[in-house]
Amino acid sequence: MWIRSTMAYRASFAMTLLGNLLITGLDFLAIVLMFAQVDALGGYTLPEVALLYGLSATSFGLADLAFGSVGRIGGRVRDGTLDTLLVRPAPVLAQVAADRFAVRRIGRVVQGALVLGYALAALDLDWTWQKALLMPVMIASGAGIFCALLVAGAAFQFVAQDAAEVQSAFTYGGTTMLQYPPTVFGRDMLRSVTFVLPLAFVNWLPAAYVLGRSYPLGLPRWVAFLPPVVAVACCALAGLAWRTGLRSYRSTGS
């Protein structure tokens, strides 16, 4: 329904999509301007940073396209309109994700894919079948990890009711952090995004294997192949959190 509504005004949709593409592209433009003054950032060249950026932006773009609308769940919890979703013969999470579905978010996916394409063309990599296989696995696993964060943030709103910005700090903030090399961050930050909130498995760890670099924490190289396992675990925990939050819902009481 929302897709048909959006496509009813195709010129407006095209302009909105282009605007979204340009706005998200400003992030990478800032990195390009930064490299106009330096040759490397944390020991990473522009194409290497572009690889990190492209992987992070594409993965988050896919997750945001599928589950970006769940951040509005706090408003439905506050005003009790979640009740209308509970009586429909469809999963509540699917209904929340489809609510006001915004096709324009595909602009972030396109922009991330373009930067990723530039990085792969500019880098002189020694390709092996493991590295080639790891590329699509990184994108799919990263999208899964970000989806889990979005759903877990929505589950938290059953308690907080107005925590959309807290959720954004870990999702939008997380993808922005991952666009920069891990070498520019302190070891405590690296430990927290590796062992607590496993954002490093979106791109830092597997990309280090593709680029032939060692990870700052000195982890073994085989951890680069763990993103699918981490994504499944994150999705399972997020699903549990969602079910727990949904069961605690008590409407408005009026």
- Task: Could you please find all residues in region 123-149 being of a type outside the set (A, V, I, L, M) and under 16 Å from the mean Cα position of the chain (by Cα)?
- Result: Pro136, Ser141, Gly142, Gly144, Phe146, Cys147
- Selection from region 161-206 of residues in contact with a Phe, Trp or Tyr (Cβ under 6 Å, 6 or more places away or on another chain), closer than 30 Å to Leu246 by Cβ and not polar (S, T, N, Q) yields Ala163
- Note on the structure: Going through region 211-254 in order, the residues found to be in contact (Cβ under 8 Å) with a residue 12 or more places away in the chain and on the phi > 0 side of the Ramachandran plot are Gly212, Ser251
- Message: With the requirement that a residue be buried (at least 16 other Cβ atoms within 10 Å of the Cβ) and outside any helix (DSSP H, G or I), what does region 1-42 give you?
- Response: Leu41
- Message: Here is a check on your reading of the model: is Ala97 without any contact (Cβ under 8 Å) to a residue 40 or more places away in the chain, in contact with a Gly (Cβ under 9 Å, 6 or more places away or on another chain), in a helix (DSSP H, G or I) and not basic (Lys, Arg)?
- Response: yes
- Task: Can you tell me which residue among Tyr215, Tyr249, Tyr209 is touching a Phe, Trp or Tyr at 6+ places or on another chain (Cβ under 9 Å) and in a helix (DSSP H, G or I)?
- Result: Tyr209
- Name the residues in region 218-237 that are over 18 Å from Thr128 (Cβ atoms), in a helix (DSSP H, G or I) and not aliphatic (A, V, I, L, M), would you? Pro228, Cys234, Cys235
- Item | Residue count, region 205-218 (criterion: aliphatic (A, V, I, L, M) and surrounded by fewer than 16 Cβ atoms within 10 Å (Cβ to Cβ)) | 1
- Task: Quickly run through region 103-140 and pick out the residues that are in contact (Cβ under 8 Å) with a residue 24 or more places away in the chain and part of a loop (DSSP other than H, G, I, E, B).
- Result: Leu123, Leu125, Asp126
- Task: May I ask you to list the residues in region 172-224 that are in contact with a Gly (Cβ under 9 Å, 6 or more places away or on another chain) and of a type in the set (A, V, I, L, M, F, W, C)?
- Result: Leu178, Val184, Phe185, Val193, Leu197, Leu199, Phe201, Val202
- Message: Take the conditions over 25 Å from Val166 (Cβ atoms) and either outside any helix (DSSP H, G or I) or among the β-branched types (Val, Ile, Thr) (or both) and apply them to Val77. Does it pass?
- Response: no
- Only one of (1) without any contact (Cβ under 8 Å) to a residue 12 or more places away in the chain; (2) under 13 Å from the mean Cα position of the chain (by Cα) does not apply to Phe67, and that is (1)
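Every number in this text was worked out from the coordinates using simple rules, so none of it is lab data. These figures come from a predicted structure and were not determined experimentally. FYI the Cβ positions are ideal-geometry reconstructions off the backbone, even for glycines, and counts take in every protein chain you see.
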